[in-house]
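The values are calculated or read from the model by the stated rules, or taken from the named source; none is laboratory data. Computed from a predicted model, the values in this text were never measured in an experiment. We place every Cβ from the backbone using ideal geometry, glycine too, and count neighbours over all the protein chains shown.
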Amino acid sequence: MHCSLRYAIVTLIHVMRPHVFLLLIAAFLLSTSSAFADKRDEARSQVDFGINVAQRGLWREAIYRWEKAVELDPKYAAAYNDLAIAYEHEGMLDKARKAYDKAIELEPNNSQIRQNYDLFKEINDRVAQQKDKR
């Protein structure tokens, strides 16, 4: 912790009554958790919109929405999974692999993400083997 910040906190503890200081800390924690919840809600909204446009064949728009979702919430594994599927659909296989890797890193026990990634690898490994034979 930065020295001046540490000094300020220690000073606050000594000057304020302990219960007032605890109330300030609680208010701070609540405000940061609600900010996180707002980011996740906004990211979910982007994911839902992306699903809607992807179902109508607008894959570039879906990619834009899912990229926005992971920008808003970099720990949103489902958004990375959706993004990977869209990249794969559009032939952006390197980007798809990176998005799947991130989704797996965030939620290694998510069976849906794992299944999508395994299928992606199986298909792309087979295609790569066929190219090597030529």
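Odds and ends about this structure:
- PRO74, sole failed condition from (1) part of a helix (DSSP H, G or I); (2) under 20 Å from ARG40 (Cβ atoms): (1)
- Lone qualifier among TYR117, TYR80 - being more than 19 Å from ARG44 (Cβ to Cβ), modelled with pLDDT of 95 or more, part of a helix (DSSP H, G or I) and hydroxyl-bearing (Ser, Thr, Tyr): TYR117
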